[in-house]
Amino acid sequence: MRTHKDLDIWKEGIELVKLVYKLTADFPDSEKFGLVSQMRRCVISIPSNLAEGAARSGKKEFMQFCYIALGSLSELETQIIISKELEFINSENYLKLSEQVDTIRKKLLNFIKYLKGKTNEK
């Protein structure tokens, strides 16, 4: 790996950021400083933590930032569910977001396993 920009999960995180920003632009104005702000902070945190972790010197540090990204992803997933329940997003967009979240989660968990294997090597 050369930089974080070479990671598929980072690239997919950027795509998720763009989608969340696009969809939350249509949320009610009353949610501008509530759910919209929270969702945007969470989604930005995912690729940002991957970038910061990749810049660290060790695999264990990188893994820690991957876990932080995973936590942000789970938080975002909850906010997506809330948005659906409050009818701020329709079923089609809910499914699109959920599929992206699931894909990134699987790839991130696999990447963490890979890093764990690297930290256990002598």
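Rule-based calculations on the coordinates, nothing more; no lab input. Computed from a predicted structure; not experimentally measured. Glycine gets a Cβ as well: all are built from the backbone with ideal geometry, and neighbour counts include every protein chain shown.
Before moving on, here are some points about what is shown:
- With N as its number of residues, the chain has a Cα radius of gyration that, divided by 2.2 N^0.38 Å, comes to 1.12.
- In summary, the aspartates and glutamates within cross-link reach of K5, defined as a Cα separation below 13 angstrom excluding same-chain residues under 8 places away, comprise E15, E52.
- Ordering E85, E12 by the number of other Cβ atoms within 10 Å of each residue's own Cβ, fewest first, gives E85, E12.
- Per DSSP, loop trypsin sites (Lys or Arg not before Pro) in the range 1-96 with at most 14 further Cβ within 10 Å: R2, K32, R56
- CD proxy at 222 nm, helix term only [per DSSP H run n ≥ 4: -39500 (n - 2.57); per residue of the chain; nearest 500]: -27000 deg cm²/dmol
- Between the Cα long axis of helix 59-85 and the first principal axis of the chain there is an angle of about 10°, rounded to the nearest 10.
- Hits among lysines - C-alpha to C-alpha of K113 under 17 Å, sequence gap 8 or more where chains match: K59, K60, K122
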